[in-house]
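Read through the structure below, which is laid out as structure tokens, and then see the notes.
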Amino acid sequence: MKILIAADGSSYTKRMLAYLAAHDEWLGNLHDYTVLNVVAAVPARAAAVMDRAVLKDYYAETSEAVFKPIRTFFKKQGIEATYVSKVGHAADVIAKVAGAQDFDLLVMGSHGHGTLGNLVLGSVTNKVLAGCHTPTLLIR
């Protein structure tokens with residue numbers, strides 16, 4: 001199975017990894033794992049005055065901070081994974097990557113704000129589900 005894991009480095013990502021560890025049917029070398037981190041783009045006006053190398057390093061360092069504990073987790077599990085960093089709006093990028101690369105399953109943590117929180121804050125999870133046709137496992 002080709003599995004996409006959307007990770008943002010939050011406590012919800014840690015919960016998702018704990019769930020995967022507790023349910024060993026999701027782990028193992030039978031699956032092909034890709035871990036995706038989406039970094040929010042620096043506003044265009046700010047990016048225009050920044051050195052491109054500095055901006056590129058910022059995006060890479062931000063993603064690596066998310067990937068580092070996940071790399072450790074997978075290493076302990078004896079699992080190889082591909083790590084992909086993208087820049088943009090998280091919901092749009094996750095849905096696009098999941099569909100474009102024909103993943104069998106998308107796994108992601110959900111912040112679980114609830115109905116009121118979603119009205120006020122919006123929800124990456126809701127937007128991913130609306131824009132993605134890949135089966136999705138949400139971990140709260």
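The values are calculated or read from the model by the stated rules, or taken from the named source; none is laboratory data. Note that the structure is predicted; figures quoted are calculated from it, not measured. Every residue, glycine as well, gets a Cβ built from its backbone with ideal geometry; the counts of neighbours run over all protein chains shown.
Tabulated data for the structure shown
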item	result
Close pairs (6 angstrom Cβ cut-off, 6 or more residues apart or separate chains): touching a residue at least 24 places away in the same chain (Cβ under 8 Å) in the stretch 1-14, assigned to a loop (DSSP other than H, G, I, E, B) anywhere	Met1/His31; Met1/Asp104; Lys2/Phe103; Lys2/Asp104; Ile3/His31; Leu4/Phe103; Tyr12/His111; Thr13/Ala7
The one condition in (1) crowded, with 17+ Cβ neighbours inside 10 Å; (2) within 23 Å of Pro135 (Cβ to Cβ) that Val66 fails to fulfil	(2)
Flag if Leu27 is surrounded by 17 or more Cβ atoms within 10 Å (Cβ to Cβ) and under 24 Å from Lys96 (Cβ atoms)	no
Failed item in (1) surrounded by 12 or more Cβ atoms within 10 Å (Cβ to Cβ); (2) farther than 14 Å from Leu4 by Cα, with Lys86 passing the rest	(2)
Scope the stretch 98-130; condition assigned to a helix (DSSP H, G or I), more than 24 Å from Ala18 (Cα to Cα) and modelled with pLDDT of 90 or more; matching residues	Gly99, Ala100
Enumeration of residues in the stretch 54-87 that are modelled with pLDDT under 95, farther than 17 Å from Arg15 by Cα and either in contact with a Lys or Arg (Cβ under 7 Å, 6 or more places away or on another chain) or of a type in the set (D, E, K, R) (or both)	Lys75, Glu80
Filter result for Leu17 (in contact (Cβ under 8 Å) with a residue 12 or more places away in the chain and either out of contact with any strand residue (DSSP E or B) (no Cβ under 9 Å at 6 or more places or on another chain) or over 18 Å from Ala65 (Cα atoms) (or both))	no
